[in-house]
Amino acid sequence: MTKKPKSGAKIRNRLAHEKSPYLLQHADNPVDWYPWCEEAFEVARKENKPVFLSIGYSTCHWCHVMAHESFEDTGVATLLNQVFICIKVDREERPDIDKVYMNACQIMTGSGGWPLTIVMTPEKQPFFASTYIPRESRHDRIGMLDVIPKIQEVWKDRYDDILQSAGQIVAALQEKEPEAKGEALSKNVLHKAYEELKGLYDEKWGGFGPAPKFPIPHQLLFLLRYARWNGNKKALEMAVQTLRAMRCGGMYDHLGFGFHRYSTDEKWLVPHFEKMLYDQAMLAMAYTEAYQATRDEMFRRTACEIFNYIRRDMKSTKGGFYAAEDADTEGEEGKYYLWKQEEIEDLLDPSNTGLAIRLFGVEKAGNFVDQMTGRKTGYNILHMEKPASLLAPSLGISEESLRQRLAAIRMRLFSARESRTRPHKDDKILTDWNGLMIAALAKGAQVFADKVYLKTAQNALNFIMKNMRELDGRLFHRHRAGESGITANLDDYAFLIWALIECYEASFDITHLKRALILQEDLTKHFWDKEQGGYYFTPDDSENLILRQKDMYDGAIPSGNSVAMMNLVRLSRLTGNSELEAQAAALSRAFAGRVQRIPSGHTYFMMALGFLTHPACEIVIVGESGEEDTEEMIRAIRQQYLPNAVVLLRSPDDAAASEIAGIAPFTKHLHPLEDRATAYICRNFTCHSPTTDVGEMMRLLNIEISSDDSR
């Protein structure tokens, strides 16, 4: 039970005026929380107290648990207030702070996660790290009521030892930063990345490695490309089987659509129920490209369902996309998504009840097991053993009939679920995660010829360009409750540039390409390491933390450096500016040593490297936008899986032609033949003879993309 502070107790909690939903969740705690600010450290120095830093996010299950057990408890709060200056940080608002101290936690403990608990000196140097800490000690985990007095004792009696230890930890953090430049990477590292993934692949259930299993879409995007580059059937099989398994499993929301965070088991059955915007974006991208590569309708439907979920539940009225939905409802993880068999029987017509129970794997005793007792709870996670296309024959009905009945079942259950208490929604709008979602929607608009997706992407993009920029045009990281703030980081720039490139290729609106080039210039100006190469996570005029980091690892989402490398290559091919490609090559060399050690941990980087080292095409369509011959060529290109291609549209109109030629000078002398839409297929800025025939255009494209060389 939550313990409220005694009447008249003096509480100096300073979070009530913050914008972060996570910080606001803690605004009524009896802990004297500060947001991250210099004032907190000044008080710590003045009072000679260590700083207790707690980092989490609003949809984090164990953050909620620790909050209820400890931060809402007056006994724990009293100890915290006596011993520490306490600071709360939303990791999604301040990823720069989170990255520094998560690295410190991993150095000190060998692992990490959220909630992240750090104790540090007033000079921001950490000397104690943990994740979740219970209120009272149990098993092998020390509790807050025991650890706080121990830290107080050490601070008092061994202060010099603490300072020495903290200094050593900071030194170790600095040693983790990228080594000196390496040699240029070759195609061999792509093969090594593939072999590493192949070694981790779960042949039975799909995915890579043991439980818990995370969706890492850029691994699948890399495998799709690797299959295309090398004709490797196993690479395609691994990607396809994993995408199918995730879509059928309980990690997918079969009623409301979209993916939960990860699977706690090897079968993709039991999810951690929170939904993150970045997962929806990257998975939608993976299913979209998988559809291009295979023409499997399941992949098309899955991508479109994700987009429908985002448009329905995660879009603000002004266009931007919200960050996440919680795993918990009314204090119970997954409660909103779970079903008893009796509920389904009461809701559905008798003709559909048996079908629903069979299709969704519903059991009388339930298939959701209590993690503490190991017993079935009576509740079910809806999932499917196989795709509908494979289930229909065993049920003795046509696939179309099964889909119609499944849609009716889904709508009835979804409508009933809507009456339940919904999970908390974190409604802040983040530039980086919005960039990913915009890129995915724009890609979907191209592949599925859906103008609604493009309109949704452009509305979100317009929101960011209007509301999340400073007067000088530089970006902000976060927007909420009408206010934008927090200096943008590398991911904000890289992911938004990616979005702009995709929006250009979806609409051929030259404004998007111009903005991408301007933001790329800003990114290089303020983030580029002029000595070693690569981009820092924070700009040159950002807050001075104990470490200025350069990230390369492609984790839950691709690293900003990997995406920036791909952006540089694509912008170079779109504009003909070889300096951009030279910078991409320099970025590649900056991280060569790290990437060579574990290439499978850098799969988005592998995609960018593959664009550099495999044949790539620049396609220029010279024709009038909206005219049937022009649109026919564009449709034909978008129906193909051409991962190493860029596409420009050059209008015969003199003004429009002059505008695109100003950005891409190599298009200046390209003209339509016989007043018909004409395709110019170029490689390394050397073009084939132009053609007005769609079939000839595709023949040239398939020769160029599929042929290999050793350049």
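Tilt of helix 399-417 relative to the longest C-alpha principal axis of the chain, in degrees (0 to 90, nearest 10)? Taking the Cα atoms of the chain, the angle to 399-417 is about 30 degrees. Counting pairs of Cα atoms in the stretch 505-627, how many percent are more than 24 Å apart? Considering the stretch 505-627, 33 percent of its Cα-Cα pairs are separated by more than 24 Å. Computed over the stretch 351-428, the Cα gyration tensor eigenvalues convert (square root of 5λ each) into semi-axes of 26, 19, 12 Å, ordered from largest to smallest.
Taking only the C-alpha atoms of the stretch 112-174, Rg followed by Dmax gives 12.6, 35 Å. Would you mind classifying the stretch 381-426 by shape? Square roots of the alpha carbon gyration tensor eigenvalues, ordered a ≥ b ≥ c; an a/c under 1.5 is rounded, otherwise it is prolate if a/b is larger than b/c and oblate if not. In terms of gyration-tensor shape, prolate. Under 1.5 on a/c is rounded, so check that first for the stretch 111-239, then, if it is not, pick prolate when a/b is larger than b/c and oblate when it is not; a ≥ b ≥ c are the square roots of the alpha carbon gyration tensor eigenvalues. In terms of gyration-tensor shape, oblate.
Viscosity 1.306 mPa s, temperature 10 °C: Stokes-Einstein D of the chain from its Kirkwood Cα radius, in µm² per second?
D = 58 µm²/s.
For the stretch 232-355, the square roots a ≥ b ≥ c of the C-alpha gyration tensor eigenvalues yield an a/c of 1.5 or more together with a/b not exceeding b/c, which makes the shape oblate. The peptide list 322-332, 117-127, 182-192, put in order of mean Cβ contacts within 10 Å with the highest first, becomes 117-127, 322-332, 182-192. Peptide packing for 561-570, 197-206 was compared via the average number of neighbouring C-beta atoms within 10 Å per residue; ordered from the highest value, the list is 561-570, 197-206.
Charging the Cβ of each Asp and Glu at -1 and of each Lys and Arg at +1, and nothing else, the dipole of the stretch 91-217 about its Cα centre rounds to 320 debye.
Taking the beta-carbon count within 10 Å as an exposure proxy, list MET298, MET282 from fewest neighbours to most. With the fewest neighbours first, MET298, MET282 line up as MET298, MET282. Taking 0.36 nm per residue of separation and subtracting the Cα-Cα distance, full extension of the segment from ASP161 to LYS668 would add 175.7 nm. Principal-axis analysis of the Cα atoms of the chain puts helix 431-448 at an angle of about 30° to the longest axis. At an R0 of 60 angstrom, the distance between the Cβ atoms of GLN371 and GLU696 translates into a FRET efficiency of 0.50.
Relative to the present Cα-Cα distance, how much length would full extension add between GLU266 and ASP540 at 0.36 nm per residue of separation? Can you show the working numbers first?
Values: separation 274, 0.36 × 274 = 98.64 nm, distance 4.33 nm.
My answer for the length gained is 94.3 nm.
The translational diffusion coefficient of the stretch 1-134, from Stokes-Einstein at 4 °C and 1.567 mPa s with a Kirkwood hydrodynamic radius over alpha carbon pairs, comes to 88 µm²/s. Enclosing the Cα atoms of the stretch 617-706 in their convex hull gives a volume equal to 89 cubic angstrom per residue.
Once the convex hull of all Cα atoms in the stretch 210-257 is built, its volume per residue stands at 81 Å³.
Fully extended, how many nm does the chain gain between THR511 and GLN106 (0.36 nm per residue separation, minus their Cα-Cα distance)?
My answer for the length gained is 141.5 nm.
Note: the stretch 415-532, Cα convex hull, 144 Å³ per residue. Among the listed pairs LYS213/LYS425; LYS192/LYS213; LYS428/LYS455; LYS88/LYS213, a Cα-Cα separation exceeding 27 Å is found for LYS88/LYS213.
Quick note: the coordinates plus some simple rules give every number you see, no bench work behind them. The structure displayed is predicted, hence computed values, not measured ones. In this analysis, Cβ positions are derived from the backbone assuming ideal geometry, glycine residues included, and neighbour counts consider all displayed protein chains.
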